[in-house]
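Written out below as structure tokens is the structure these notes cover.
The values are calculated or read from the model by the stated rules, or taken from the named source; none is laboratory data. None of these values were measured; they are calculated from a predicted model. All Cβ positions, glycine included, derive from the backbone under ideal geometry; neighbour counts span all protein chains shown. Note: areas computed on protein heavy atoms with side chains; ligands, DNA, RNA excluded. Shrake-Rupley method; radii C 1.70, N 1.55, O 1.52, S 1.80 Å.
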Amino acid sequence: MNTQLKKMTIIASMMLTAAAFSAPAFSADIGSGGYARELHKMEMMKMIDANGDHMVSSEEFTKYYETIFDELDKDHDGSLDAKEWVGVKGEQKVSLATGGYSRELRTMKMMKAMDTDGDHLVTKDEFVKYHQAIFEAMDKKGNKQVNPQEWLAKQVGH
Ligand SMILES: [Ca+2]
Ligand SMILES: [Ca+2]
Ligand SMILES: [Ca+2]
């Protein structure tokens, strides 16, 4: 193990510890905390609304997260490890997202939340499924479209 990797591992475990203390057990479920706050901003909705009709469709949302995943998956092996997830310091901003959102996404806490099977890798399937659940929670009418009111609404009950 080289020194840099060792350092990263230490930082990662420190971040995990911090997350464990700052969040009550099992509250790190769908879109909790800072991550949800950053996602449910108008600026993010505009970025995800690819056809600009002021609605985010289920298809746009899924496509968006596939694109984000591909951007993060530097070695293109179909899964994200902790190194890819957290990124290189100073280069953490995701091109199609706000800085605030990128920061909240690229935390070990969020990686852990999306790593459904706990193998320390987030596959494309895990990544997309996690976000589809967020979409479904926002889509109160269940018509596969999220309007600005739904987007900005405080997400409660999950
Ligand atoms: Ca749209
Ligand atoms: Ca990878
Ligand atoms: Ca996994």
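Applying a DSSP loop filter and a limit of 16 other Cβ atoms within 10 Å to the chymotrypsin sites (Phe, Trp or Tyr not before Pro) in the range 62-158 leaves nothing.
So if we plug the beta-carbon distance of Lys144 and Asp70 into 1/(1 + (r/R0)^6) with R0 = 35 Å, what FRET efficiency do we get, rounded to 0.05? Once rounded, the FRET efficiency stands at 0.95. Ligands, DNA and RNA excluded, the heavy atoms of Met42 present near 70 Å² of accessible surface to a 1.4 Å solvent probe. Once you sort the root eigenvalues of the Cα gyration tensor of the range 39-108 as a ≥ b ≥ c, which label holds: rounded (a/c under 1.5), prolate (a/b larger than b/c) or oblate (the other case)? Since a/c reaches 1.5 but b/c is at least a/b, the shape of the range 39-108 is classed as oblate.
Could you look at the range 25-140 and say what percent of its accessible area is carbon and sulfur, using a 1.4 Å probe and all protein chains? Carbon and sulfur: 55 percent of the exposed surface of the range 25-140. For the pair Asn51 and Asp125, what calculated FRET efficiency results from E = 1/(1 + (r/R0)^6), where r is the Cβ-Cβ distance and R0 = 22 Å, to the nearest 0.05? According to the calculation, E is roughly 0.30.
Here is the list for the range 83-158: trypsin sites (Lys or Arg not before Pro) lying in DSSP coil, each with at most 15 other C-beta atoms within 10 angstrom of its C-beta, are Lys89, Lys93, Lys140, Lys141, Lys144, Lys154. Ligands, DNA and RNA are left out, and with a 1.4 angstrom probe the accessible area of the range 71-158 is 56 Å² per residue.
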